[in-house]
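Notes follow once the structure below has been shown.
The values are calculated or read from the model by the stated rules, or taken from the named source; none is laboratory data. Here the structure is a predicted model, which is why all the values come from computation and not from measurement. As a convention, Cβ positions derive from the backbone with ideal geometry for all residues, glycine included, and neighbour counts pool all protein chains shown. Heads up: the accessible areas ignore ligands, DNA and RNA and are worked out on the full protein's heavy atoms, side chains in. Shrake-Rupley method; radii C 1.70, N 1.55, O 1.52, S 1.80 Å.
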Amino acid sequence: MNIALMTSDKLIGLVSGMMQDQSKSERLCWDMTRHYRERSIEQTDFEKAWHQSVSNGTPDYSIYDGERYVPEAISCYLVYAKRYIRTSAKFIEGKWSVNEIWDLGCGIGASTALLKLIFPGANVFGTQLPSDQRRVAEELSKTHGFQIADSMKSSGDAVVFMLDYLEHFECPTEHLETIIAQKPKLLVMANSFGATAVGHFPKYKIGDSLFTNKETGRHFSRWLKNNGYKKVETGFYNNRPAIWERAE
């Protein structure tokens, strides 16, 4: 069975089963996404089309809209998001109060559902633009107690998760300004600016300067420090995810 050929309705059922910690569903997700990522000609063409659009100066953001991006979102959750959330949540619990959580660019909503499971007393929100990914996330939200929004609108003092999110903005700090203007207390990030992937860029603009993808992480961190956030020493392997606290 190939996940690339599944309809959104079937994918919703598959992801719902995965989020209920059913080992069979999660194993099936692993097998199907691995097949899709490693063997699918469509996926190869998908990646080529994105990088060609960036090269032409007209990034094709429609890649996020269709069903074929859903397997990518499932894979991202299984490969790293689930582990990053559990690792950072264990560190955060007991150190900071958690009343409001935002999961930006939540994809299929699996990460948002996990955050609500770990922090049941918090108001949990995921952001996602209209797409097949959002259809899955909205279905999950009905049974897992979180909400889906177009963009972040916080009441303040929130914990904001950005896992493989800012890499999808050619001017990441310009977008981040709209987030920190809402004064979140914590930013939980797993940036991979240096990775070559669908939705990523070969160069990023920070302020008035342009940097290669491999240079961007260092300058991005400097920008955060200059804009009122300090990096928390976590001891996490490879410092991932990074946790930034708003300086008082």
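All but one of (1) within 19 Å of the chain's Cα centre (by Cα); (2) modelled with pLDDT under 65; (3) surrounded by fewer than 15 Cβ atoms within 10 Å (Cβ to Cβ) hold for residue 42; state the number of the condition that does not hold. Status for residue 42: all satisfied but (1).
Report yes if residue 156 is open to solvent by less than 30 Å² (accessible area, probe 1.4 Å), in contact with a Ser or Thr (Cβ under 7 Å, 6 or more places away or on another chain) and at positive phi, otherwise no. In short, no.
Matching residues to (1) assigned to a loop (DSSP other than H, G, I, E, B); (2) open to solvent by 10 Å² or more (accessible area, probe 1.4 Å); (3) at positive phi:
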{"site": "160", "(1), (2), (3)": "no, no, no"}
{"site": "167", "(1), (2), (3)": "no, no, no"}
{"site": "178", "(1), (2), (3)": "no, yes, no"}
{"site": "184", "(1), (2), (3)": "yes, no, no"}
{"site": "189", "(1), (2), (3)": "no, no, no"}
{"site": "194", "(1), (2), (3)": "yes, yes, no"}
{"site": "199", "(1), (2), (3)": "yes, no, yes"}
{"site": "205", "(1), (2), (3)": "no, yes, no"}
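Counting just the residues of region 233-248 that are in a loop (DSSP other than H, G, I, E, B) and in contact (Cβ under 8 Å) with a residue 40 or more places away in the chain, which one comes out least open to solvent (accessible area, probe 1.4 Å)? The qualifying residue least open to solvent (accessible area, probe 1.4 Å) is 241. Within region 122-143, residues that are among the aromatic types (Phe, Trp, Tyr) reach partners that are at pLDDT 90 or above and open to solvent by 30 Å² or more (accessible area, probe 1.4 Å) with beta carbons closer than 6 Å, at six or more positions or on different chains, in the pairs 125/147.
Please work out if residue 94 is at pLDDT 95 or above and more than 16 Å from the chain's Cα centre (by Cα). For residue 94, the condition - at pLDDT 95 or above and more than 16 Å from the chain's Cα centre (by Cα) - is not met. Among the residues here, residue 229 qualifies as over 17 Å from the mean Cα position of the chain (by Cα), within 25 Å of residue 93 (Cα to Cα), surrounded by 20 or more Cβ atoms within 10 Å (Cβ to Cβ) and free of Cβ contacts under 8 Å to residues at least 60 places away in the same chain. Residues in region 222-248 that are of a type in the set (S, T, N, Q) and modelled with pLDDT under 95: 2 in all. Taken over region 45-83, the criterion of being open to solvent by 50 Å² or more (accessible area, probe 1.4 Å) and either touching a strand residue (DSSP E or B) at 6+ places or on another chain (Cβ under 6 Å) or modelled with pLDDT under 75 (or both) is satisfied by 45, 67, 68. Only a single item in (1) outside any helix (DSSP H, G or I); (2) among the hydrophobic types (A, V, I, L, M, F, W, C); (3) open to solvent by 10 Å² or more (accessible area, probe 1.4 Å); (4) modelled with pLDDT under 90 is not met by residue 108, and it is number (3).
Condition check for residue 115 on (1) at pLDDT 95 or above; (2) of a type in the set (A, V, I, L, M, F, W, C); (3) open to solvent by less than 20 Å² (accessible area, probe 1.4 Å); (4) not in a helix (DSSP H, G or I): one failure, at (4).
Among the residues making up region 209-226, those that are surrounded by 14 or more Cβ atoms within 10 Å (Cβ to Cβ) and under 17 Å from residue 174 (Cβ atoms) are 211, 213, 216, 217, 219, 220, 221, 223, 224.
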